[in-house]
Amino acid sequence: MSDYQKAYQEEKQKQLVLWEDMISKVFGEKPNDSVKVTERNRMIDILEMVGKSKALNHTFMPSGGGLDLSGARFSNEQGLAELNFGGSDLLVRPDSLSFHPIGDSPEWWYFRLDTLPFEESGVYEKQDEDSAEEVFKTASDKELEWIMSYYGEEVLEVEPGKYIDRAYWDINHLGYDENGDEIPLPEHARVVSRMYNGGAFVIFPKLSAYNQVSSTYDARHNKVNDEEFKSYISEIVKELIK
């Protein structure tokens with residue numbers, strides 16, 4: 001084993017201990033079976049604890065890919081929650097947060113956040129669907145379209161819950177006044193992503209084997225429900241301990 005591999009394994013074991021400790025703090029003790037939370041305040045509290053923990057996480061997105069959750073809070077929009085990923089803010093409508101302690105190793109203990117659809121902001125015009133074009137789409141076209149649908153919409157929040165086109169963020173002003181002078185962005189203006197199509201997120205330990213396999217970034221967790229994904233992970237763990 002190289003020095004790098006040895007250092008990596010030592011750090012991984014340290015992180016898994018921290019993950020196990022974090023789970024115990026979240027629930028009071030390590031649950032023996034799956035736990036499902038549907039109360040919004042409690043879901044946000046747990047996600048905030050996960051994001052702020054010394055136990056590093058990696059969160060897989062409904063659209064594919066992944067980011068590290070760094071915190072959660074109530075959104076400026078009623079009924080929504082705000083997930084923070086190191087400066088990127090995503091608005092979601094949480095439905096349930098499940099925890100699944102699969103197997104004996106914390107490496108496979110994960111959270112799943114299922115979210116519901118909600119209304120678009122109305123900032124952007126909707127694109128009309130052409131049924132004739134749909135017939136000629138390839139499987140890869142449809143897959144890409146499905147993935148893109150879960151990116152949501154990026155908007156510029158200029159006041160709490162008030163949005164405009166994010167293009168104003170790119171030009172760094174709100175246009176011009178009657179004198180031709182630039183109208184500055186509000187001090188607290190920020191770009192947010194409204195994940196209005198819903199979808200599922202899963203959160204694993206940062207150094208878990210699931211996070212180390214590039215194919216898992218294909219949003220497979222969002223193509224099945226909570227129980228189906230749990231069965232999928234359970235089968236992987238069973239194969240590993242044979």
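Each value in this text was obtained by applying a stated rule to the coordinates, not by laboratory testing. Everything quoted here is computed from the prediction, not taken from an experiment. Backbone-built Cβ (ideal geometry, glycine too); neighbour counts: all protein chains shown.
Worth a mention:
- With each label modelled as a point 7 angstrom along the Cα→C-beta vector, the K238-L56 pair spans 3.2 nm.
- Computed over the chain: relative contact order in percent, which uses C-alpha pairs under 8 Å that are six or more apart: 23
- Among the GluC sites (Glu not before Pro) in region 125-231, those placed in a DSSP loop whose Cβ has at most 13 other Cβ atoms within 10 Å are E125, E129, E178, E187.
- Of H173, I203, S193, farthest towards positive along the dipole that unit charges on Lys, Arg, Asp, Glu beta carbons give region 155-227: I203
- In the distance distribution for region 131-191, Cα-Cα pairs more than 14 Å apart total 67 percent.
- Among F74, F27, F99, residue whose mean-square fluctuation peaks in a GNM of the chain (springs only between Cα atoms under 10 Å): F27
- Note on region 164-208: Cα convex hull, mean projected area over all directions, 5.6 nm².
- Binned Cα-Cα distances of region 39-172, short to long, each 5 Å bin given as a whole percent: 2, 8, 15, 19, 18, 15, 11, 7, 4, 1, 0
- Ranked by the mean number of other Cβ atoms within 10 Å of their residues, highest first, the peptides 213-223, 79-89 come out as 79-89, 213-223.
- Counting only DSSP beta bridges whose two residues both lie in the chain, roughly 95 percent are antiparallel.
- As a ratio to 2.2 N^0.38 Å, the alpha-carbon radius of gyration computed for region 97-211 takes the value 1.52.
- Taking the chain as a Gaussian network of alpha-carbon nodes connected by springs under 10 Å, the highest mean-square fluctuation of the residues D21, D95, D33 belongs to D33.
- In this simple spin-label model, placing a label point 7 Å from the Cα along the Cα-to-Cβ direction at both V35 and Q127 gives a separation of 4.2 nm.
- Counting only Cβ charges, +1 for Lys and Arg and -1 for Asp and Glu, the dipole size of region 131-191 around its Cα centre is about 280 debye.
- Ranked for footprinting exposure by Cβ neighbours inside 10 Å, fewest first, I241, I147 give I241, I147.
- Highest mobility in the GNM of the chain, judged by mean-square fluctuation with C-alpha springs under 10 Å and restricted to G161, G66, G180, is found for G180.
- Secondary-structure-derived ellipticity at 222 nm for the chain, considering helices only, amounts to -10000 deg cm²/dmol, per-run term -39500 (n - 2.57) for DSSP H runs with n ≥ 4.
- Cα pair distances of region 12-89 binned at 5 Å [whole percent]: 3, 14, 21, 26, 21, 11, 4, 1, 0
- Cα-based helix-to-principal-axis angle, 139-149 vs the chain, degrees rounded to 10: 70
- Mean sequence separation of contacting Cα pairs (under 8 Å, at least six apart), scaled by the length of region 131-191, corresponds to a relative contact order of 28 percent.
- Helix axis angle, 40-52 relative to the chain longest principal axis, alpha carbon, degrees: 70
- Taking a quarter of the surface of the Cα convex hull of the chain gives a mean projected area of 17.8 nm².
- Seen against the Cα atoms of the chain and their longest principal axis, helix 226-240 is set at about 40 degrees.
- Ranking V155, F111, P184 by Cα position along the charge dipole of the chain, where only Lys, Arg, Asp and Glu carry charges on their C-beta atoms, puts F111 farthest toward the positive end.
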